[in-house]
Amino acid sequence: MAVSAHQVLGDAIDPRLPGLYRGKVRDNYDLPDGRRILVTSDRLSAFDRVLCCIPFKGQVLNSVARWAFEQTADLCPNHVLDYPDPNIVVGRRLEILPVEIVVRGYLAGATSTSILTLYRAGHREMYGHRLPDGLADHQALETPIITPTSKAADGAHDEPLTEGDILARGLLSQAQWRQMSETALALFARGQALAAERGLILADTKYEFGIDAAGTLRLADEIHTPDSSRYWRADTYSQRLAAGEPPDSFDKDVVRAWVAARCDPYKDEVPEIPPELIWKTALTYVEAHERITGRAFEPPAPAPPVRERVLAALGDFHGARTA
């Protein structure tokens, strides 16, 4: 079945709203009264480009993040003020801190900054931690570790950091680093416990923090979603590890793998992605939502089209003034 433009949110551009910033997945608006509108689109981005749009993806990410924010509000306040639409969150505008926090409980990852990539290359000292020899791919670490990176400008690559780097460069104060790291580890422990209740393993995840106008540390962006986190199925983990196979995961990378197998995605024109592959990925996101949250996913109504519905919700913010 072909994917109709009415079923996906490719963008949410409203020229009447101020402060537009377009991220890889989210379209953001900064209002004069100090609020930020974040619209989670259905864009799937990889290889420095948008490959396609996946039905339900934006709604899934927004809904999982909402659930996870609710489950962790006692550990750290977050930026959320309201959810006026399934794809929209309104939050406080924060001063985003210039260090991205990734907490890792397992030897995993595929990017150049992941601990598995570094470990395979022979590194044992990384991010200020020393890992022992003899670890297997995807094996649990003795204790979760924080692997901070710089927040690179558009087009640049994130840079691995140590605590010493962060303090020496003045990226964070000692007090900020201590609060962020302690909070991140507490959030990860909560996330792992919640995942275990659902038969899942939360292997690693990314957190973004910011400071509000009162100087309070708050969680920003998203938390414990299938885009910001690596989830594995617990019931087959030991068997697959013993066989030297990767864990069963919510394979949101299927589209990326399909593209990479057919072209150089950084240089070549991307071939048309089959509709059945797009729908398979959409159902993977839906399954992830239901497994992570324990709540049924409520798909959007067929009418009005998703973009029309979102733009109507954004219309309520036209003319926002400084409070």
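The values are calculated or read from the model by the stated rules, or taken from the named source; none is laboratory data. All values derive from a computational prediction rather than experimental measurement. Here the Cβ positions follow ideal geometry from the backbone for every residue, glycine too, while neighbour counts run over all protein chains shown.
From the list 206, 252, 267, pick out the single residue that is basic (Lys, Arg), modelled with pLDDT under 95 and surrounded by 13 or more Cβ atoms within 10 Å (Cβ to Cβ).
Criteria check complete, one pass: 252.
From the list 255, 259, which one is within 19 Å of the chain's Cα centre (by Cα), hydrophobic (A, V, I, L, M, F, W, C), over 30 Å from residue 71 (Cα atoms) and not assigned by TED's automatic domain parsing to the domain that holds residue 184?
255
Which residues, taken from the range 27-45, are touching a residue at least 40 places away in the same chain (Cβ under 8 Å) and more than 19 Å from residue 283 (Cα to Cα)?
Answer for the range 27-45, where residues must be touching a residue at least 40 places away in the same chain (Cβ under 8 Å) and more than 19 Å from residue 283 (Cα to Cα): 29, 30, 31, 32, 33, 34, 35, 36, 37, 38, 39.
For a quick check of your reading: which strands (runs of 3 or more DSSP E) sit entirely within the range 58-126 and have at least 2 residues that are farther than 22 Å from residue 163 by Cβ and not aliphatic (A, V, I, L, M)?
80-85, 88-92
Filter the range 275-323 down to residues that are among the basic types (Lys, Arg) and not in a helix (DSSP H, G or I) and give me whichever is surrounded by the most Cβ atoms within 10 Å (Cβ to Cβ).
For the range 275-323, the residue satisfying everything is 295.
With 209, 297 as the choices, which residue is within 30 Å of residue 151 (Cα to Cα) and touching a residue at least 60 places away in the same chain (Cβ under 8 Å)?
209
Of 269, 298, which residue is over 24 Å from residue 88 (Cα atoms) and either of a type in the set (D, E, K, R) or assigned by TED's automatic domain parsing to the domain that holds residue 85 (or both)?
It is 269.
Please identify the pairs in which a residue from the range 133-147 that is of a type in the set (Ser, Thr, Tyr) has its Cβ atom under 8 Å from the Cβ atom of a residue that is not in a strand (DSSP E or B), counting only partners at least 6 apart or on another chain.
147/113; 147/115; 147/127
Which residue pairs have Cβ atoms under 8 Å apart, sit 6 or more places apart or on different chains, and have a first residue in the range 277-288 that is closer than 14 Å to residue 256 by Cβ and a second that is aromatic (Phe, Trp, Tyr) and part of a helix (DSSP H, G or I)?
Note: pairs meeting the criteria are 277/258.
Could you list, in sequence order, all residues of the range 192-221 that are on the phi < 0 side of the Ramachandran plot, assigned to a loop (DSSP other than H, G, I, E, B) and not small (Gly, Ala, Ser)?
Once the filter is applied, which keeps residues that are on the phi < 0 side of the Ramachandran plot, assigned to a loop (DSSP other than H, G, I, E, B) and not small (Gly, Ala, Ser), the range 192-221 yields 198, 208, 212, 216.
Out of the residues in the range 91-125 that are within 30 Å of residue 316 (Cβ to Cβ) and within 17 Å of the chain's Cα centre (by Cα), state the one that is surrounded by the fewest Cβ atoms within 10 Å (Cβ to Cβ).
Taking the candidates together, the pick is 96.
Just to check your reading of the model, which residue among 140, 168, 153 is modelled with pLDDT under 95 and in the same structural domain as residue 224 (by TED's automatic domain parsing)?
153
Within the range 126-140, how many residues turn out to be under 13 Å from residue 204 (Cα atoms) and surrounded by fewer than 18 Cβ atoms within 10 Å (Cβ to Cβ)?
Result for the range 126-140: 2.
Of these, 130, 124, 66, 93, which one is in contact (Cβ under 8 Å) with a residue 60 or more places away in the chain and among the charged types (D, E, K, R)?
The unique qualifying residue is 93.
Mind checking which residues of the range 12-30 are in contact with a strand residue (DSSP E or B) (Cβ under 6 Å, 6 or more places away or on another chain) and surrounded by 15 or more Cβ atoms within 10 Å (Cβ to Cβ)?
Correct list: 12, 17, 25, 26, 27, 28, 29, 30.
From the list 39, 50, which residue is surrounded by 22 or more Cβ atoms within 10 Å (Cβ to Cβ), in a strand (DSSP E or B) and not assigned by TED's automatic domain parsing to the domain that holds residue 214?
Within the list 39, 50, the selection yields 39.
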